[in-house]
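K.L.:
Below are the structure tokens for one structure; questions will follow.
Every number here is computed from the coordinates shown, using simple stated rules; none is lab data. Just so you know, these numbers come straight off a predicted model, no measurement behind them. Every residue, glycine as well, gets a Cβ built from its backbone with ideal geometry; the counts of neighbours run over all protein chains shown.
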Amino acid sequence: MFATVVCAIGRGSRQRMLQLVEMARAQLAPKGSLHLVHAVEGLPSSASPDDWAIEVMAAAETRLSEALRSINTHASIHVRAGNPSQVILAIAKETTADLVVIAPHRDDVLDRVFGSVVDHVVQHAPCSILVLRTTR
């Protein structure tokens, strides 16, 4: 059991998101804290985002909140603009996470050339990692 669990939520289906949250919750100690992390790529990284960027991030936060309510789970939600692996690692450090739960998305050419988010997080995380494999 882990005191602080960070669960990285990507751009997959709602079902996949709920699987990740359930797996993260199963790893959590009774009085532990759960943190959901979602990174939004392609937004301006300036200190004052425009209305569109604010709307995109708010929609992501709403999606996560609704999913948590549907399974009666409490978690802190962290939606940030930026590179997904860097955002996940930053939240893991900020929360002093004991575990990061993450899942790969579909493998593509860019992952093969530049490396995947999961690979980067596994190599640089300050804590244990649980990779929820996709079923094929």
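K.L.:
If a helix is a whole DSSP H run, which ones in the chain reach 18 Å or further along their own axis (Cα) and hold a mean Kyte-Doolittle hydropathy of at least -1.0?
P.N.:
Passing helices, by number: 14-27, 51-70.
K.L.:
Hey, another quick one. Report the charge-dipole magnitude of the chain in Debye, nearest 20, computed about the Cα centre from +1 at each Lys and Arg Cβ and -1 at each Asp and Glu Cβ.
P.N.:
That gives a dipole near 500 debye.
K.L.:
Where the only charges are on Cβ atoms (+1 Lys, Arg; -1 Asp, Glu), what is the dipole of the range 67-108 about its Cα centre, to the nearest 20 debye?
P.N.:
The dipole of the range 67-108 has a size of about 160 debye.
K.L.:
In percent, what relative contact order does the chain have, based on Cα pairs under 8 Å that are 6 or more apart in sequence?
P.N.:
Relative contact order for the chain comes out at 30 percent.
K.L.:
From the P(r) of the range 12-84, could you give the percentage of C-alpha pairs in the tail past 18 Å?
P.N.:
Counting pairs separated by more than 18 Å, the tail of P(r) holds 43 percent.
K.L.:
Here is a follow-up. May I ask for the Rg/Rh ratio of the chain, computed from Cα atoms with Rh as the Kirkwood radius, given to two decimals?
P.N.:
0.95
K.L.:
Under a GNM of the chain (C-alpha, springs under 10 Å), which listed residue has the highest mean-square fluctuation: 105, 78, 124?
P.N.:
Among 105, 78, 124, the largest mean-square fluctuation in the Gaussian network model of the chain belongs to 124.
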